[in-house]
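No lab work stands behind these numbers, since they all come straight from the coordinates. Quick caveat: nothing in here was measured; it's all calculated off a predicted structure. So basically every Cβ, Gly included, is an ideal-geometry build from the backbone, and we count neighbours across all protein chains shown.
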Amino acid sequence: MKTFNQYLNEFEEIGFVEEVIHSLVIVSGLPGAFPHEIIVFESGQIGEVFTLSSDSVTVLLFSKESLKIGTRATRTNQTLQIPVDENFLGHVINPLGITIDNSKPPNHKDSQKRFVHQNPSDLHTRALISQSCETGVSLVDMMIPLGRGQRELIIGDRKTGKSNFLLKTVLTQAGQGVICVYTTIGKKKQDIKKAHEFFQKHGVSKNVVIVASNSQDSAGMIYITPYTAITIAEYFKDTGKHVLIVLDDLTMHAKYYREISLLSKRFPGRNSYPGDIFYVHAKLLERSGNFKTDKGDVSITCLSVAETMQGDLTGYIQTNVMSMTDGHIFFDSDLFAKGRRPAINPFLSVTRVGKQTQTIVRREINRELSSFLTLFDKMQNYIHFGAELSDNIKLTLSTGNKILTFFDQSPFMVVPHNIQMVLFCVLWSNGWEGKTNDEMRSEMDFLIDVYKKNKQFKDTVDGLVSNAKSFNDLINKAKLATPEILGYTKK
Amino acid sequence: MKFLPILKLIKTTDDVSRINDELEILLASLYRVKNGFETTLKKSVSMELANVIKDLAGQTNKDLRGQMRGLLVDIQKYLLSLPVVKLTLAFSPSQEFVEKIVSYIRENMNSSAVIELAKDSSILGGAIISASGKYKDISLKKALEKTFEGKREIISKLT
């Protein structure tokens, strides 16, 4: 970036700071300014044009430090650009593309620059979502499957395990070579550091870039965070790589945008949010999807997060983002209180495009599971009456509890697709009959670990899944292989 | 047009500031019994301003304090609305020079402009002008920098 005097002499337009209102600065002059243009101040700070009026310009500052009245400002004739290249991988960067972790900053001398504010791609560049996006969480992969290029909303109350689920998903996808852009919007520095350390500890940070703005940053910086993240995601998509972008969280982003809009005296709408709050999020989420490129179909899968209050799914921002996404995964605080991990309510969760990416076998499992769990849920209400239970009902309840135990996963344990299916089939065919739920769980955890480390076992499991033509076929094969599979737990 | 006599008294933003201060003194004296408005107009403000206000007040019923107050506030608003041309020179200009510049600006740019003068000897000569958000550096310093930039190689060979 050039100096203030260089821009001043080049564009020959000047402005003077008249008023400072938190992160907004009213500047008189600058007659040629346009929306989102970068304005440079004499003191070195930069901001973006937020509002234009006949004799002044409202600038959204990116820095926390205040400006003095009378400070000179000049135009740059460009909107915000950030350097983008592969050197970002493994680092934590701020929304201006500057490294903020303790590592040596990467060299961006030869990197290309991209505009942060861009229009989403046209319809003719979009491709049908056909590949599945593995999260490593059995409940999601089997009942609420995701596809690459899908936009899924992760919604729930605070402290219900949403961030945990996202970290697991990033771990799974990064392990498969997908580039992950993990975005924290206005979070605590401690949470950002934990996420960074988590990725380093599990050896996936070479495929992950963290775009972070913390709660101490200015509202302007927090506002542009998700746009920077999607710009970086688009760069990697254009190099032919699949990308997963996580936006944690959009309700916080909406709150900061509301603050900025109210300070700039824009007319408040519902819940005091500005009228364009829908557009602010829609133009962001529409930049992800599955695209046709000269390198084949490449996707940007977007997992956006929205926080609810006491499980209320009908909130303004929550319903806005639900309508922009291809489904939502609901984290239920009641299930969390009961000890379920992850606390996902499969009956209130939706996936609109994930099922078309599943194989025939997985689709049949999905169907079978959904109808069984619905029956199980009804049965649980029935037993409250205290009537005597028949053997069938007892079997259903026992199987249901085993399935819930199967879906419970320890924090940061990732379960690959094939072992999920085989373990479920063993369970479904009463492979763990006579054992307690805890015993079953610990054997399952052990077998998952063996799958990841023992090539022979992995080949056996993968072979079972790839040769199965239907769910019943897989159950029969799994039944026959159960002694061999469970034999590994005794070794 | 109504406040044209006021404009004739003002050339620079210092003049605007001085007249504004005198208007504040008059506003404060409006509702005083001792040293009231008439006394203040005679003794505490400049003669030129006092004459202009008497002329303007001639069109107003000066016995009605509310109307007089309205007139003074209107003059203050008028002063604030005057467009400002900022001029940075390498020297402190004389009053005659300032009047020449102001009359040139009022004839060719804006008929009600006032100038804000600043001195910066580092520009060596010429001026830096900014008005209505536009900025122009026509100083000697910039001209020399441009010349040296273009002839960098020749100059480096000489040294």
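A few comments on the model shown:
- For A:Ile245, residues with placed amide H under 5 Å, excluding near neighbours: A:Val181, A:Thr301, A:Cys302, A:Leu303
- Using alpha-carbon coordinates, inclination of helix A:391-407 to the longest axis of chain A, degrees: 40
- Here the Karplus curve 6.51 cos²θ - 1.76 cosθ + 1.60, taken at θ = phi - 60°, turns the phi angles of region A:20-33 into couplings of 10, 10, 6, 8, 10, 10, 8, 10, 8, x, 6, x, x, 5 Hz, with x standing for Gly and Pro.
- Each part gets one Cα centre, and for region A:353-403 versus region A:411-452 those centres are 18 Å apart.
- Here the simple spin-label model places points 7 Å from the Cα toward Cβ, and for B:Ile138 and A:Lys188 these points are separated by 6.1 nm.
- In summary, the convex hull built on the alpha carbon positions of the protein assembly as shown has an orientation-averaged projected area of 44.9 nm².
- Whichever aspartates and glutamates have a C-alpha closer than 16 Å to that of A:Lys295, once near sequence neighbours (fewer than 8 apart) are set aside: A:Glu234, A:Asp238
- Checked against a 28 Å cut-off, the cross-linked pairs A:Lys2/B:Lys119; A:Lys2/A:Lys241; A:Lys338/A:Lys452; A:Lys378/A:Lys452 give Cα-Cα distances beyond that limit for A:Lys2/A:Lys241; A:Lys338/A:Lys452; A:Lys378/A:Lys452.
- Efficiency of FRET from Cβ geometry, A:Gln310 and A:His36, R₀ 45 Å, rounded to 0.05: 0.75
- Calculated FRET efficiency, A:Phe267 to B:Ala57, Cβ-Cβ distance, R0 = 30 Å: about 0.10 to the nearest 0.05.
- Efficiency of FRET from Cβ geometry, A:Glu286 and A:Asn107, R₀ 25 Å, rounded to 0.05: 0.15
- Degrees, to the nearest 10: B:95-108 long Cα axis against longest axis of chain B: 90
- Residue-count net charge about A:Ser163 - beta-carbon cut-off 12 Å; Lys, Arg +1, Asp, Glu -1: +3
- Angle between chain B longest axis and helix B:140-150 axis [Cα atoms, degrees, rounded to 10]: 30
- Violating pairs (Cα-Cα greater than 29 angstrom) within the set A:Lys355/A:Lys394; A:Lys168/A:Lys355; B:Lys11/B:Lys54: A:Lys355/A:Lys394
- Distance from the C-alpha centroid of region A:103-157 to that of region A:281-335: 10 Å, rounded to the whole angstrom.
- Listed by chain and number, the aspartates and glutamates whose alpha-carbon sits under 17 Å from that of A:Lys162, ignoring those within fewer than 8 places in the same chain, are A:Glu134, A:Asp141, A:Glu152, A:Asp191, A:Asp248, A:Asp249, A:Glu307, A:Asp312, A:Asp332, A:Asp334, A:Asp408.
- Amide proton proximity set for A:Gly90, modelled H, under 5 Å, gap of 5+: A:Val208, A:Val209, A:Ile210
- Phi angles of region B:37-52 translate, via the Karplus equation with coefficients 6.51, -1.76, 1.60 and θ = phi - 60°, into HN-Hα couplings of 4, 5, 5, 5, 5, 7, 10, 9, 10, 5, 5, 4, 5, 4, 5, 5 Hz per residue; Gly and Pro are given as x.
- Cut-off 13 Å (backbone N to label point 7 Å along Cα→Cβ of A:Gln118), residues of region A:213-254: A:227-241
- Vicinal HN-Hα couplings computed from phi for region A:57-70 (Karplus, 6.51 cos²θ - 1.76 cosθ + 1.60; Hz; Gly/Pro x): 10, 9, 10, 8, 6, 9, 10, 7, 5, 7, 10, 8, 5, x
- Each of B:Asp55, A:Asp445 has some number of other Cβ atoms within 10 Å of its Cβ, and from fewest to most they run B:Asp55, A:Asp445.
- Taking 0.36 nm per residue of sequence separation and removing the Cα-Cα distance, the B:Ser103/B:Leu80 pair yields an extension gain of 6.3 nm.
- Taking every alpha-carbon pair within region A:157-271, the share separated by more than 24 Å comes to 30 percent.
- For the listed residue pairs A:Lys68/B:Lys146; A:Lys201/A:Lys453; A:Lys159/A:Lys490, the alpha carbons are over 26 angstrom apart in A:Lys68/B:Lys146; A:Lys159/A:Lys490.
- Alpha carbon centroid spacing (whole Å) that separates region A:166-225 from region B:1-80: 64
- Here's the list of lysines a cross-link from B:Lys151 could span, going by alpha-carbon distance under 18 Å and ignoring same-chain residues fewer than 8 apart: B:Lys141, B:Lys142.
- Each of A:His202, A:His384 was scored by other Cβ atoms within 10 Å of its Cβ. Arranged with the fewest first, they read A:His384, A:His202.
- Neighbour-count order for A:His253, A:His196, fewest beta carbons within 10 angstrom listed first: A:His196, A:His253
- Environment charge at A:Val178 (Cβ cut-off 13 Å; Lys +1, Arg +1, Asp -1, Glu -1): +3
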